[in-house]
Each structure stands twice: as C-alpha cells, then as structure tokens.
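Contents: one structure, followed by commentary.
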Amino acid sequence: MAEPTAEAATAERTLVQYEVRDGVAYLSLSDPPANTYTHEMMRQLDDAILTARFDKEVSVLVLTGLGEKFFCAGANINMLQTSDPYFKYYFCLHANETLNRLEQTPKLVIAALNGHTVGGGLEIAMAADMRLARKDAGRVGLPEVNLGVLPGTGGTQRLARLVGKSRSIELMATGRLLTFEEGKEYGIVSEILEGDDFMDQVHAYACQFCPPNKAAKAVGRIKRAVQSGAEVPFESGLAMEREMQQQLFESPDAREGLDAYVEKRKPQFRGR
C-alpha cells in the first residue's frame, strides 16, 4: 500500500483552531512545533476567515500560533520539496487569495506574534492590520532568498508598503532576521507587549475595538477606506470615503455616538 502524502496525512486534522470570546474571534495556527502551513491549513484558515467575517457577534479577528516558540515558520518545506512546479504555483495563488481575503475582511485583524514569525509566517502576519509581539519572544523576516526563491505569498508587495522600497529590498535580498524590537523600529511590528500574560493583554487590546467600547462598524469602514483607498487614485479614494461616511451617518451607532456627545455621557455602541 502506498504511503499517504503529507497533505493527505493532515487532511483530517484541525490545523486552524477557531474560538470566539467577547466579540473576538481567535484563529490559531496549530501544527507544532513550528506551525508551518500546507495547502490544507490555508484552506482551513480561509474557512475560518469567512466564518468570522459573517458572524454578527464577531467584531475583531486575532490570528496567532499555538505554542510559545513560533507564530509560524512559513510554508511546509517537505510539501514544497516533493510537489511539482504546477502545484507550487497554484499553492501560492490560493494562499494569496486567502491572505487577500484576510486583508479585505471589513473587520479589524490583529496578528498576535507569540514567537518566531519568519518567511510565509510574516507574510500571513503582514496581511493583518496590526501586529502585536511578545517581548523577546522571537524574530521576524523574509529569508526565502536563502532557499533560492522569493517571498511569494504577497511578501514583496506588503513589506515594501510597510517599510519602503529600499529597506524591503535590503531585508529580502540579505534574508536578514530582525528581533521584534528591531521590527518595531522598521514599522513591521505595531506594539511590543511585556509580561507572561501576553494573550490576556492581546485580548484586552482587541476588546477595545468591540461594542460597547467602539463602534465596530465604523472601525470596519475605516479599515476598508484605508485598504481599498490606498490602491486607487486619490480622488477615487475620497469618493469611497464619502460613500462609507454616508453609510455610517445612517447607522444606529452614529446616532448613539452623537447623542452621547451632546448628553456628555459615554456612548454604548452596539455594532450596528
């Protein structure tokens, strides 16, 4: 009997754990020890993104890796080594579609970097809106050049948009890895959290964007205006902004926000 392929062996495993707490959906990459991803993990991640996107009880998505050493070390090398070129091409294509979906989801996405975030792992994290990192817990970088390839899941494009052309070329051409602290200086990491309660701090950070604390619909429209507007001419971006603002003016949360301001009280938003 033929041995099962690596992809077949993982087909029935839960590679992305999904949990919702207090309006925050947690999508946890789960393939220890390094949480490397395969086609099946990307399919499960795609399903989880869609579930969170259409769940009316979810306002924020948090993406993390299980364990303490790795957020994600990128694509599974054994899968890439044994696959034919056509599979690799379509794998990158489908992975790009998943990360584009994550980036365009009209809800805030936070990547909680609990450990090393390198290669495709950083490509996943860069599709999030913010990246919170655990102090002294790992490094970030795109070292694909050391394998004779380039970051092919949006890495060349997203890193350039985060740190600029010159710095992104230098980082990718050398394959240099940065500490989380260096990553913050470059603009790759948004915030560094100290202490042993990293995920508790991430949860508290995420909850500030959920009702009743924030108007989640407004947060989502801010994200969409920035993400989509950055890819079109300035005047088109302004038109998009006006359209979204009009949608928000008609929302119950906008009425609540304006009423609370006039009445000098804290607004109680409902995400509507």
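Points worth noting:
- Residues within region 179-204 that are surrounded by 17 or more Cβ atoms within 10 Å (Cβ to Cβ) and either part of a strand (DSSP E or B) or modelled with pLDDT under 95 (or both), tallied: 3
Here's the yes/no breakdown for (1) of a type in the set (Lys, Arg); (2) touching a residue at least 12 places away in the same chain (Cβ under 8 Å); (3) touching a Leu at 6+ places or on another chain (Cβ under 6 Å):
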site: 145; (1), (2), (3): no, yes, no
site: 151; (1), (2), (3): no, yes, yes
site: 162; (1), (2), (3): no, yes, no
site: 179; (1), (2), (3): no, yes, no
site: 185; (1), (2), (3): no, no, no
site: 191; (1), (2), (3): no, yes, yes
site: 208; (1), (2), (3): no, no, no
site: 211; (1), (2), (3): no, yes, no
site: 218; (1), (2), (3): no, yes, yes
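- Scanning region 223-238 for residues that are exposed (fewer than 12 other Cβ atoms within 10 Å of the Cβ) and aliphatic (A, V, I, L, M) turns up just one, 230.
- Condition check for residue 98 on (1) over 13 Å from the mean Cα position of the chain (by Cα); (2) surrounded by 17 or more Cβ atoms within 10 Å (Cβ to Cβ); (3) over 21 Å from residue 270 (Cβ atoms); (4) without any contact (Cβ under 8 Å) to a residue 60 or more places away in the chain: one failure, at (1).
- Boolean, residue 220 is farther than 20 Å from residue 29 by Cα, surrounded by 17 or more Cβ atoms within 10 Å (Cβ to Cβ) and not assigned by TED's automatic domain parsing to the domain that holds residue 60: yes
- Of everything in region 205-219 that is small (Gly, Ala, Ser) and part of a helix (DSSP H, G or I), the residue that is nearest to residue 109 (Cα to Cα) is 206.
- The set of residues in region 234-254 being assigned to a helix (DSSP H, G or I), under 17 Å from residue 267 (Cβ atoms) and of a type in the set (Gly, Ala, Ser) consists of 254 alone.
- Residue 172 being crowded, with 19+ Cβ neighbours inside 10 Å, among the aliphatic types (A, V, I, L, M) and assigned to a helix (DSSP H, G or I): yes
- Test: residue 261 is surrounded by fewer than 18 Cβ atoms within 10 Å (Cβ to Cβ) and hydroxyl-bearing (Ser, Thr, Tyr): yes
- Residues that are within 15 Å of the chain's Cα centre (by Cα) and either closer than 30 Å to residue 213 by Cβ or assigned to a helix (DSSP H, G or I) (or both) are absent from region 75-92 altogether.
The values are calculated or read from the model by the stated rules, or taken from the named source; none is laboratory data. Since we're looking at a predicted model, the values are computed, not measured. Counting neighbours? That spans all protein chains shown, and the Cβs are built from the backbone with ideal geometry, glycine included.
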